[in-house]
1. Could you identify the single residue in R93, R156 that is surrounded by 14 or more Cβ atoms within 10 Å (Cβ to Cβ) and of a type in the set (K, R)?
2. Has the stretch 130-147 got at least one residue that is within 23 Å of P182 (Cβ to Cβ) and among the basic types (K, R)?
3. Conditions first: (1) in contact with a helix residue (DSSP H, G or I) (Cβ under 8 Å, 6 or more places away or on another chain); (2) open to solvent by 70 Å² or more (accessible area, probe 1.4 Å). D58 passes all but one, so which condition is the exception?
4. Cβ-Cβ distance below 6 Å, separation of 6 or more or different chains: which pairs start in the stretch 49-78 with a residue that is more than 22 Å from M38 (Cβ to Cβ) and end on one that is open to solvent by less than 60 Å² (accessible area, probe 1.4 Å) and small (G, A, S)?
5. Against the definition (under 14 Å from F34 (Cβ atoms), at pLDDT 95 or above and either more than 13 Å from the chain's Cα centre (by Cα) or small (G, A, S) (or both)), how does L83 come out, yes or no?
6. State yes or no: is Q88 assigned to a loop (DSSP other than H, G, I, E, B), surrounded by 13 or more Cβ atoms within 10 Å (Cβ to Cβ) and in contact (Cβ under 8 Å) with a residue 12 or more places away in the chain?
7. Take the residues of the stretch 135-148 that are open to solvent by 20 Å² or more (accessible area, probe 1.4 Å), free of Cβ contacts under 8 Å to residues at least 60 places away in the same chain and in a helix (DSSP H, G or I): which is nearest to H98 (Cα to Cα)?
8. Of everything in the stretch 96-109, what is in contact with a His (Cβ under 9 Å, 6 or more places away or on another chain) and surrounded by fewer than 20 Cβ atoms within 10 Å (Cβ to Cβ)? Give them in sequence order.
Amino acid sequence: MAAGVLASLLLGGGLLLAQPRPATPTADSPETQFVRHMLVHHEQALALSAPMLRRSRDRSLRSVALDITLGQEEQLRQMRGWLAGWGQSQEPRPTPAHARAMGMASAQEVAALWTLPLPQAEASFLRLMIRHHQGAVSMSEPLRDSPQATVRRLARQVVTLQRGEMATMTNLLQVRGGTATPPPTGPQHHH
């Protein structure tokens, strides 16, 4: 009996080893493009969250900003490691038009979070971050079935986590009497 189990395990292990590994992503692969663009996207999420962590006294809003910061810092480390492992650079970065289509804020909108009166800054943060998350979900959807397991897991994680954060932020915005802006439109990826 034990020999049969051992033979089954060895055969099963051999089958796993025989599975073809997905090719390393190339410079123009959907995975590399996604990771490069998501790096820029995540970097801006940190820039949007920083003023709220410094200025806001609202515990729920600060909690969302902290969750975004900690989660996206970890994902940034992972994605930079993947690009290095694939032999790819972090460039090119998306054009300003493409960044807007990805739900990103303008430099002026980010800077204003430090200077607007606090109630306006908090509402602006929520509107900008909801739109930002909508862009990230749109960017991630096509990669949810990527042959690269690491990218596939990240895409699914982004969709799940950011949808949950959007629901929380929408509630926080409604409490302030605000409404979210329409989701970004336009091309999500350059292939």
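1. Within the list R93, R156, the selection yields R156.
2. In the first step, residues of the stretch 130-147 are kept if they are within 23 Å of P182 (Cβ to Cβ); the result is 130-142.
With the extra rule that they be among the basic types (K, R), the set shrinks to 131.
Yes: one or more hits.
3. (2)
4. Note: pairs meeting the criteria are R62/S56.
5. Details: under 14 Å from F34 (Cβ atoms): yes; at pLDDT 95 or above: yes; either more than 13 Å from the chain's Cα centre (by Cα) or small (G, A, S) (or both): yes.
The answer is yes for L83.
6. Values: assigned to a loop (DSSP other than H, G, I, E, B): yes; surrounded by 13 or more Cβ atoms within 10 Å (Cβ to Cβ): yes; in contact (Cβ under 8 Å) with a residue 12 or more places away in the chain: yes.
In short, yes.
7. Initial filter on the stretch 135-148 (open to solvent by 20 Å² or more (accessible area, probe 1.4 Å)): 138, 141-142, 144-145, 147-148.
Okay, now just the ones that are also free of Cβ contacts under 8 Å to residues at least 60 places away in the same chain, so 138, 141, 144-145.
If we keep only those that are in a helix (DSSP H, G or I) too, we end up with 138, 141.
Numbers: S138: 13, E141: 17 Å.
Only one residue fits best here, namely S138.
8. At the first step, the residues of the stretch 96-109 found to be in contact with a His (Cβ under 9 Å, 6 or more places away or on another chain) are 98-99, 102-105.
Residues satisfying the conditions are H98, A99.
The values are calculated or read from the model by the stated rules, or taken from the named source; none is laboratory data. All values reported here derive from a predicted model rather than from experimental measurement. In this analysis, Cβ positions are derived from the backbone assuming ideal geometry, glycine residues included, and neighbour counts consider all displayed protein chains. Keep in mind that these areas ignore ligands, DNA and RNA; they rest on the heavy atoms of the full protein, side chains included. Shrake-Rupley method; radii C 1.70, N 1.55, O 1.52, S 1.80 Å.
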